[in-house]
1. Using θ = phi - 60° and the Karplus curve 6.51 cos²θ - 1.76 cosθ + 1.60, what whole-Hz ³J(HN,Hα) does each residue of region 94-110 get, with Gly and Pro shown as x?
2. Using only Cα atoms, locate the centre of region 139-166 and the centre of region 50-88, then give the distance between them in Å, rounded to an integer.
3. For region 139-154, in order, what is each residue's ³J(HN,Hα) by Karplus, 6.51 cos²θ - 1.76 cosθ + 1.60 with θ = phi - 60°, in whole Hz (x at glycine and Pro)?
4. Going by C-beta contacts inside 10 Å, put 27, 153, 98, 18 in order with the fewest on the left.
5. With r as the distance between the Cβ atoms of residue 127 and residue 48 and R0 = 25 Å, compute the FRET efficiency 1/(1 + (r/R0)^6) and round to 0.05.
6. How many nm separate the modelled label positions at residue 120 and residue 18, each set 7 Å beyond the Cα in the direction of the Cβ?
7. Only counting other Cβ atoms within 10 Å, I'd like 43, 58 sorted with the fewest neighbours first.
8. Counting other beta carbons within 10 Å of each Cβ, put 100, 87 in order, fewest first.
Amino acid sequence: MGIQPQQETPYPHEEPELVTLPPNTELCDGLDNDDDGQVDEGCPDTDKDEVVDAIDNCPQTPDATQADRDGDGIGDICQFPVIDNLWVENIKDTEVTLAWKGTDRDVGGYRIYRRRFDEFGFQYLATVTDATTYTDQRPDTSIYVYQVQVLNLNGIETDRAEVATGLVRRLYLPMIQR
Ligand SMILES: [Ca+2]
Ligand SMILES: [Ca+2]
Ligand SMILES: [Ca+2]
Ligand SMILES: [Ca+2]
């Protein structure tokens, strides 16, 4: 069997392993590795908050203080992404396109679920990471309820929204007279 090489799992907030580097090598680690008085020069900093992407706990949201009350590696300012609105963008026979709006930075992804209006329990469809729309081929043209969950950078669900296709019959209950 022999000795298996150790698996390397890259993780953004893990301390880099100590390796021997040629002198004058600047790493993206918050330190002045090459001792030239500048920290992380040349490293990408998407949100321009002077914390480089490699060690920024909200890489797309400016948070120079890096406040992280619960210590989970995600900054307070981007800890709880939300979905403000979810709607059916287009519907054609069995093809349904959803669209949504909400937090648009530092989002870990969106999980899409579906259930038929008269059935219980959602079915998982997909996880979207690079769009705020999703097109589904529903099994038939009955009314379906869709649920979209937004995940933070650690993959934890922080908000959800639901929408139904077609004209949902509303129940108009008679006002209860006092
Ligand atoms: Ca550095
Ligand atoms: Ca930054
Ligand atoms: Ca940031
Ligand atoms: Ca946090």
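Quick note: the coordinates plus some simple rules give every number you see, no bench work behind them. These numbers come from a predicted model, not from an experiment. For neighbour counting, all protein chains shown are included, and Cβ atoms are generated from backbone atoms with ideal geometry for every residue, glycine included.
1. 9, 8, 10, 10, 9, 9, 8, 10, x, 4, 10, 9, 6, 9, x, x, 10
2. For region 139-166 versus region 50-88, the Cα centre distance is 22 Å.
3. These are the phi-based 3J(HN,Hα) values: x, 7, 9, 5, 6, 10, 9, 10, 10, 10, 10, 9, 10, 7, 5, 8 Hz.
4. 18, 27, 153, 98
5. Rounded to the nearest 0.05, the efficiency is 0.30.
6. 5.9 nm
7. By the 10 Å Cβ count, ascending, the order reads 43, 58.
8. 87, 100
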